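Data first, discussion second: the structure below is written as structure tokens.
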Amino acid sequence: MTDFTLPADLLYNRGLIDDPRAYARERGVQSWLFLVGDEFAAMPGGMSWSQVQESVHTSARVVSDPPRELTLDLARQHVAALDALPRPTLVSCRTGPRGSAVAYLYAGLRQGATYEEVLQAAERDQAPFCASAEIKEWLRTALEALRTETQNLRTA
């Protein structure tokens, strides 16, 4: 594969979301994968899980925001949630880096793209996670590990 692109029906945020209901409507999403914990609702510019649930027909939550470390187990949970959610789907964290990484991880895994292809597309798209060496490393290791797990399941 040489022309990996993020599918148009998999979206992420690029900053704080002021009005979740309006944001979901403007983006035209049917579902939402919310990555933040309850602490976010109490922060300035915060948004609660209940606001997300009120904004779309279908939603899922995999708490993945700091100070939590991104792990392979979280990546598995992200993939499982995105497999179950109808499209178009929004993936959001507080300001976009983790949400964008999850979207690219999922799309790269499902399209069989290499980490280099995923990163090249993300950099071209100026995905927020590209500014974080830590998140890029998580994306690389998670993509490789999940690909191996998927291949092992097929051969078992």
| message | Quick check for you: with a 1.4 Å probe and neighbouring chains kept, what is the accessible area per residue of the stretch 24-156, in Å²? | response | 48 Å²
| said: I'd like the distance separating the alpha-carbon centroids of the stretch 83-156 and the stretch 1-56, in whole Å. | reply: 17 Å
| field | Low-density loop positions, chymotrypsin sites (Phe, Trp or Tyr not before Pro), the stretch 1-84 - DSSP coil, at most 14 other Cβ in 10 Å | value | none
| query | What list of ³J(HN,Hα) couplings, whole Hz, do you get for the stretch 56-73 from phi and the Karplus terms 6.51, -1.76, 1.60, once you set θ to phi - 60° and write x for glycine and proline? | reply | 9, 5, 9, 8, 9, 9, 10, 5, 9, 8, x, x, 5, 7, 6, 10, 5, 4
| said: I'd like the carbon and sulfur percentage of the solvent accessible area for the stretch 28-118, probe radius 1.4 Å, heavy atoms only, ligands and nucleic acids excluded. | reply: 53 percent
| task | Please list the non-local residues whose amide H lies under 5 Å from the amide H of V91, H modeled 1.01 Å from N, same-chain partners needing a gap of 5 or more. | result | L11, Y12, N13, L33
| Over the chain, what is the relative contact order in whole percent, taking alpha-carbon pairs under 8 Å and six or more residues apart? | 30 percent
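The values are calculated or read from the model by the stated rules, or taken from the named source; none is laboratory data. Quick caveat, the model's predicted, so the values are computed rather than measured. Glycine also receives a Cβ, built like all others from the backbone with ideal geometry; neighbour counts cover every protein chain displayed. We work out accessible area using only protein heavy atoms, side chains counted, and drop any ligands, DNA or RNA first. Shrake-Rupley method; radii C 1.70, N 1.55, O 1.52, S 1.80 Å.
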